[in-house]
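Report on the structure given below.
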Amino acid sequence: MLELQGICKMFTGLTALMDVSFRVQEGAIKGLIGPNGAGKTTLFNTVTGVYRPTRGSIIFAGRDITSLDQAQIALLGVSRTFQQARLFRSLTVMENALLGRHSHGASEFFSCGLRFPQAKREERAMREKALYYLDLLGLADKKDRVAAKLPMGEQRWLEVARALAAEPKLLLLDEPTAGLNERETDDFRDLLFGIRGEGITILVIEHHMKFIMETCDEIVVLNFGVKIAEGSPKEIQSSPAVIEAYLGAEERE
């Protein structure tokens with residue numbers, strides 16, 4: 001589903017990513033871990049077109065998307081969430097979810113404004129699809145609630161529902177369990193398995209090691225912008241390089 005080939009990203013005086021290569025197989029849940037500043041979010045930003053790589057290629061579903069912008073990449077089927085939930089807090093849960101459907105709208109401004117039958121049918125279909133994903137996330141009964149009034153866990157889930165409403169082939173999740181308690185984290189793990197059951201491939205950044213090890217099929221480890229390990233959770237847990245760079249550092253804190 002996704003292949004990174006020798007990705008480098010350099011800013012003025014800083015090399016954020018250096019020769020990073022790995023694949024995400026279709027239908028997989030793949031983890032991306034590493035210490036703070038390892039380049040994980042920079043990699044997400046590069047895959048989604050926020051940044052253009054200094055060198056290297058990004059292949060999505062067999063197509064080179066290296067030079068495409070954010071909107072083009074999203075239309076091809078890549079969606080993401082962020083470290084901090086970026087919701088429109090004054091809008092309702094349904095309205096936030098509908099924002100994920102905007103790229104699927106075909107009606108023009110004029111026909112929408114005059115409520116032509118085609119525009120009304122399209123709006124109804126978009127609401128049905130948004131409601132489907134809200135139901136998947138357990139938020140359908142709160143569709144008319146203002147997003148700002150949701151607890152932290154449900155705000156996280158709403159952001160995921162909005163990302164899913166775009167009907168992606170690949171979903172990128174940036175620290176989705178941040179701020180969640182253990183019960184909410186366990187619920188979110190079950191949720192990811194449900195999302196994969198919808199035929200969606202997942203790449204997830206996470207610092208919660210128990211969550212990563214119990215959820216992911218494979219894990220990639222970055223340190224100072226360099227890939228230092230890749231493999232199954234068992235292989236990553238026993239890797240000396242990972243223990244020293246990440247897991248060992250965590251144990252010393």
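Numbers for the structure displayed
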quantity	calculated
Nitroxide proxy distance, nm - points 7 Å out along Cα→Cβ at D186 and M152	1.9
Peptides ranked, highest mean first, by Cβ atoms within 10 Å: ranges 8-20, 216-228	216-228, 8-20
The chain, helix-only ellipticity at 222 nm - DSSP H runs n ≥ 4, -39,500 (n - 2.57), divided by all residues, nearest 500	-10500 deg cm²/dmol
Extension gain from D69 to R86, taking 0.36 nm per residue of separation minus the Cα-Cα distance	4.1 nm
Using distinct alpha-carbon pairs, which all enter the 1/r mean, Kirkwood radius of the range 124-215 in Å	13.6
The range 50-93: proportion of alpha-carbon pairs further apart than 14 angstrom, %	60
Estimated FRET transfer efficiency when R0 is 25 angstrom, pair I243-V50 (beta carbons, to 0.05)	0.20
Theoretical FRET efficiency, 1/(1+(r/R0)^6), r = Cβ-Cβ of K210 and R23, R0 25 Å, to 0.05	0.50
Isotropic mean projected area of the C-alpha convex hull, the chain (nm²)	14.7
Lysine-lysine proximity count for the chain, Cα under 16 Å, sequence distance 8 or more or distinct chains	13
Gain in span if fully extended, S57 to E235, counting 0.36 nm per residue against the direct Cα distance	61.4 nm
Distance in nm between pseudo-label sites at A178 and E95 (7 Å out along the Cβ direction from Cα)	2.6
Gyration tensor (alpha-carbon) shape descriptor, the range 201-249, a/c threshold 1.5	prolate
Among beta bridges that DSSP assigns inside the chain, antiparallel share in %, nearest 5	55
FRET efficiency, C8 to N36 (Cβ-Cβ, R0 25 Å, nearest 0.05)	0.75
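Every read-out reported here was derived from the displayed coordinates using simple, explicitly stated rules and does not represent laboratory data. Remember, predicted model here, so these are calculated numbers, not experimental data. Ideal geometry is used to build each Cβ from the backbone, glycine not excepted, and the neighbour counts take in all protein chains shown.
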